[in-house]
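K.L.:
For reference, the structure I am asking about is given below.
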Amino acid sequence: MYKNRFSIAVVMVFLFVLAANAQSKRSLWTIDATNTENYVGAPIANGKIGILPWKEPFSVRHVMLNHVFDIGDAGVNQALQGINPFHLEMSLDGQKVEMNQAKNWKQSLDLKKAVHTTSFIIPGKAEIKYNITALRNLPYSGLIEVEIKALDNIQMECLNQMEIPGGYQDIKKRIVSANVGLDGGKEIILQTEAWSSHKAHQVFASSEFIFNHKKLTIRNEDQSKNVIEGTLKKGETVKFSLVGSVCTSRDFNDPKSESERQVIYVSYLGTERILKEHFALWEDLWKGDIEIEGDEEAQLVARSALFNLYSNASENSRLSISPMGLSGTFYSGHIFWDSETWMYPPMLFLNQGIARSMIDYRTDRLKAAENRALSYGYKGAMFPWESDDKGEEATPINALTGQFEHHITADIAVALWHFYNMTQDKDWLIKEGYPVTQKIAEFWTSRASKNTNGSYSIRYVIGADEYAEGVDDNAFTNAATKKALEYATLASAICGKTAPRIWKEISDNLIINQMQNGVTQEYKGYNGQTIKQADANLLAYPLGIITDPKQIKKDLEYYSGKVDQQNGPAMTFSVFSVQYARLGDADKAYSYFKKAYQPNQRPPFGVLAETATSSNPYFMTGAGGILQAFINGFGGLDITENGIVQHKTVLPKHWKKLTIKGVGSERKDFVVTQ
């Protein structure tokens with residue numbers, strides 16, 4: 001008898017351990033929220049639309065549209081908030097479900113499946129749960145699944161109507177279809193159309209309830225609201241879904257019909273099949289993953305950063321990622337150096353399809369860059385600091401960065417060369433990469449000035465440190481230009497062409513100054529002023545121009561005290577982390593790694609803001625920097641002309657193992673252990 005009791009106890013302990021381990025594994029893919037204090041929502045996206053769920057029942061703050069622009073308040077092109085087809089309101093026994101009634105409120109973000117879940121109880125009425133998904137397989141559409149369990153006999157109504165952001169014109173609302181569904185019930189598609197503020201684009205949004213017609217009925221009010229309703233008995237559970245689609249004249253000649261087709265497609269195939277396809281695409285994305293043993297916080301940080309970059313781009317889209325992605329209108333949806341220097345490198349390691357699209361964005365806009373160079377009296381191609389969909393300058397007029405932050409043109413050349421090194425795609429280099437690289441080299445040939453001693457300068461620029469305007473010989477600008485010209489020369493040879501000698505002459509002789517203390521000087525005349533972000537430090541990583549460990553350490557120690565600790569963006573600390581990891585200083589590498597995200601996280605999901613003091617999440621650029629700390633810092637990976645190499649590096653003392661999974665076209669795994 002005692003033996004049996006002992007055996008049962010052992011089995012129960014074993015099962016408990018298994019359950020605990022399973023819960024631990026699940027938690028490393030899920031971020032849970034039970035507190036709404038200082039709440040900041042976690043956006044979900046699929047490369048074309050971004051949906052921002054909020055804390056109130058069924059609340060969706062807005063829907064962002066990728067690369068759909070019209071003139072905004074700042075007088076320049078701004079990405080549009082779309083018509084929101086996902087607005088839901090629920091009433092139980094005639095009373096609207098409100099936040100102040102909800103008990104046991106919880107939200108979860110499933111990073112593996114890209115599903116945002118909210119659940120709560122309305123005491124004495126119902127348990128309610130709903131999932132919001134930005135469908136990866138239907139990137140102009142989203143899906144909300146609702147489940148209600150009656151705690152008593154109740155009458156339920158759920159209303160759907162369109163929310164239209166300010167600035168839209170010529171708004172029209174209609175029912176566009178009242179078909180008979182597969183189960184014989186009536187299906188009604190709700191649609192709203194409008195023109196953007198200056199009529200750059202026409203926007204159409206369609207929505208449709210998907211439900212069991214034997215359980216619920218549907219009616220329409222005033223051509224603008226669909227309502228499903230029904231009586232639930234105590235203990236009964238009812239499920240229904242809302243599918244919504246937003247299409248524009250930017251992407252379709254007939255956006256009206258396409259928005260209808262998308263919701264009909266979902267209603268006829270069924271949500272189970274649609275979600276299965278969505279999950280399969282995300283499973284494929286997660287072949288590129290980062291695994292950390294010994295630090296669950298770091299594990300979630302890594303996956304959250306990857307989730308957000310994966311969410312905001314897609315293979316074959318020929319589009320890039322703006323600093324705030326599809327989370328909101330911050331930075332107007334423009335494309336900056338953030339794309340090539342911060343977000344693109346992790347994608348190049350872990351998802352070449354997305355990386356290729358980010359590079360396609362630039363090669364597609366070469367002509368606009370050539371026109372810009374011509375407009376300012378230069379040769380070749382001069383890419384804009386803030387690019388709109390056409391590749392034209394979209395920086396607000398009150399910022400001088402649009403006229404003078406020229407290093408972005410060199411940053412693009414560096415990114416192009418890295419793509420070739422990763423893929424070894426000579427055909428791409430000849431047809432797409434080199435034509436852009438060549439025009440960039442021509443620009444810098446006309447932009448640099450020769451000094452009397454034979455050296456070259458680049459005068460009056462804004463570097464990565466945007467606090468310093470109109471400076472000469474900025475360290476990062478000159479160094480990035482050196483690399484751009486060096487890579488153009490190498491690419492010429494591969495493509496069977498002869499590079500102009502002036503490219504090498506300028507590259508070899510561009511000035512990189514040092515101060516009397518031996519520290520790399522950020523720009524001519526720099527003498528210890530506060531800087532916005534890493535600039536001179538970028539010469540060690542990512543540019544690889546400074547390689548002497550003593551010099552790297554000297555520059556780190558000096559500039560770490562000069563960076564604006566409150567208002568400087570997160571990427572600086574990621575770069576510091578990378579360099580200290582490669583120098584073998586695990587403590588400082590880990591300290592700066594934490595500084596790259598902890599002060600910038602906002603509750604309850606840990607979404608990233610740009611700085612420790614700002615409130616503009618989600619900061620995709622910061623996510624890119626964090627991922628570089630994992631991949632290039634602690635992981636030690638680099639792209640070279642000979643492919644991927646792994647430098648000797650160190651891990652934080654409590655990390656047991658770091659695995660970077662699915663790297664490169666061969667999907668190799670790289671491992672670092674203590």
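The values are calculated or read from the model by the stated rules, or taken from the named source; none is laboratory data. Here the structure is a predicted model, which means the values were calculated and not measured. Glycine also receives a Cβ, built like all others from the backbone with ideal geometry; neighbour counts cover every protein chain displayed.
K.L.:
Which one of these is under 22 Å from M343 (Cβ atoms) and free of Cβ contacts under 8 Å to residues at least 12 places away in the same chain: D425, D465, D364, D411? I'd like the intermediate steps shown before the answer.
P.N.:
Numbers: D465 fails: free of Cβ contacts under 8 Å to residues at least 12 places away in the same chain; D364 fails: free of Cβ contacts under 8 Å to residues at least 12 places away in the same chain; D411 fails: free of Cβ contacts under 8 Å to residues at least 12 places away in the same chain.
After applying the criteria, what remains is D425.
K.L.:
Next question, about the same structure. Could you go through region 406-416 and let me know if any residue there is closer than 19 Å to S457 by Cα, touching a Lys or Arg at 6+ places or on another chain (Cβ under 9 Å) and among the polar types (S, T, N, Q).
P.N.:
Yes, that holds for at least one residue.
K.L.:
Inside region 25-46, can you point out the residues that are within 27 Å of E392 (Cβ to Cβ) and either of a type in the set (S, T, N, Q) or surrounded by fewer than 24 Cβ atoms within 10 Å (Cβ to Cβ) (or both)?
P.N.:
N46
K.L.:
Which residues, taken from region 282-303, are within 15 Å of the chain's Cα centre (by Cα), farther than 21 Å from K48 by Cβ and not basic (K, R)?
P.N.:
Listed by number, the residues that qualify are V301, A302.
K.L.:
Might you check whether a residue that is crowded, with 17+ Cβ neighbours inside 10 Å and not in a helix (DSSP H, G or I) occurs anywhere in region 489-496?
P.N.:
Yes, region 489-496 contains a residue that is crowded, with 17+ Cβ neighbours inside 10 Å and not in a helix (DSSP H, G or I).
K.L.:
What do you reckon, is S141 surrounded by fewer than 18 Cβ atoms within 10 Å (Cβ to Cβ) and out of contact with any Phe, Trp or Tyr (no Cβ under 7 Å at 6 or more places or on another chain)?
P.N.:
Values: surrounded by fewer than 18 Cβ atoms within 10 Å (Cβ to Cβ): no; out of contact with any Phe, Trp or Tyr (no Cβ under 7 Å at 6 or more places or on another chain): yes.
So S141 fails the test.
K.L.:
May I ask you to say which residue of D73, D152, D93 is at positive phi and either of a type in the set (V, I, T) or surrounded by fewer than 20 Cβ atoms within 10 Å (Cβ to Cβ) (or both)? If you could, list the steps in order and put the result at the bottom.
P.N.:
On the way: D73 fails: at positive phi; D152 fails: at positive phi.
D93 is the lone residue from the list that is at positive phi and either of a type in the set (V, I, T) or surrounded by fewer than 20 Cβ atoms within 10 Å (Cβ to Cβ) (or both).
K.L.:
Filter region 420-469 down to the residues that are among the acidic types (D, E) and either in a loop (DSSP other than H, G, I, E, B) or closer than 25 Å to S665 by Cβ (or both) and list them by number.
P.N.:
The initial filter retains those residues of region 420-469 that are among the acidic types (D, E), namely 425, 427, 432, 442, 465-466, 469.
Matches in region 420-469: D425, D427, E432, D465, E466, E469.
K.L.:
Between a residue in region 139-162 that is within 18 Å of K233 (Cβ to Cβ) and any residue that is assigned to a loop (DSSP other than H, G, I, E, B) and aliphatic (A, V, I, L, M), which pairs come within a Cβ distance under 9 Å, given they are 6 or more apart or on different chains?
P.N.:
So the pair list comes out as M156/L216; C158/L216.
K.L.:
Here is a follow-up. For G454, only one of the following conditions fails: (1) buried (at least 24 other Cβ atoms within 10 Å of the Cβ); (2) over 28 Å from the mean Cα position of the chain (by Cα). What is its number?
P.N.:
The failed condition is (1).
K.L.:
A further question follows. Quick test of your reading of the structure: F330 fulfils all but one of (1) surrounded by fewer than 21 Cβ atoms within 10 Å (Cβ to Cβ); (2) at pLDDT 95 or above; (3) among the hydrophobic types (A, V, I, L, M, F, W, C). Name the failing condition by number.
P.N.:
(2)
K.L.:
Another one. Yes or no: S322 crowded, with 21+ Cβ neighbours inside 10 Å, in a loop (DSSP other than H, G, I, E, B) and within 17 Å of the chain's Cα centre (by Cα)? I'd like the intermediate steps shown before the answer.
P.N.:
Details: crowded, with 21+ Cβ neighbours inside 10 Å: yes; in a loop (DSSP other than H, G, I, E, B): yes; within 17 Å of the chain's Cα centre (by Cα): yes.
Yes.
K.L.:
Additional query: Evaluate the following for T572: is it part of a loop (DSSP other than H, G, I, E, B), of a type outside the set (A, V, I, L, M) and within 26 Å of I412 (Cα to Cα)?
P.N.:
On the way: part of a loop (DSSP other than H, G, I, E, B): no; of a type outside the set (A, V, I, L, M): yes; within 26 Å of I412 (Cα to Cα): yes.
In short, no.
K.L.:
Report whether or not V607 is in contact (Cβ under 8 Å) with a residue 12 or more places away in the chain and either buried (at least 24 other Cβ atoms within 10 Å of the Cβ) or not assigned by TED's automatic domain parsing to the domain that holds G635 (or both).
P.N.:
Values: in contact (Cβ under 8 Å) with a residue 12 or more places away in the chain: yes; either buried (at least 24 other Cβ atoms within 10 Å of the Cβ) or not assigned by TED's automatic domain parsing to the domain that holds G635 (or both): no.
Against the criterion (in contact (Cβ under 8 Å) with a residue 12 or more places away in the chain and either buried (at least 24 other Cβ atoms within 10 Å of the Cβ) or not assigned by TED's automatic domain parsing to the domain that holds G635 (or both)), V607 does not qualify.
K.L.:
While we're here: For G353, state whether it is part of a loop (DSSP other than H, G, I, E, B) and not basic (K, R). Steps first, answer last, please.
P.N.:
Values: part of a loop (DSSP other than H, G, I, E, B): no; not basic (K, R): yes.
No: the conditions fail for G353.
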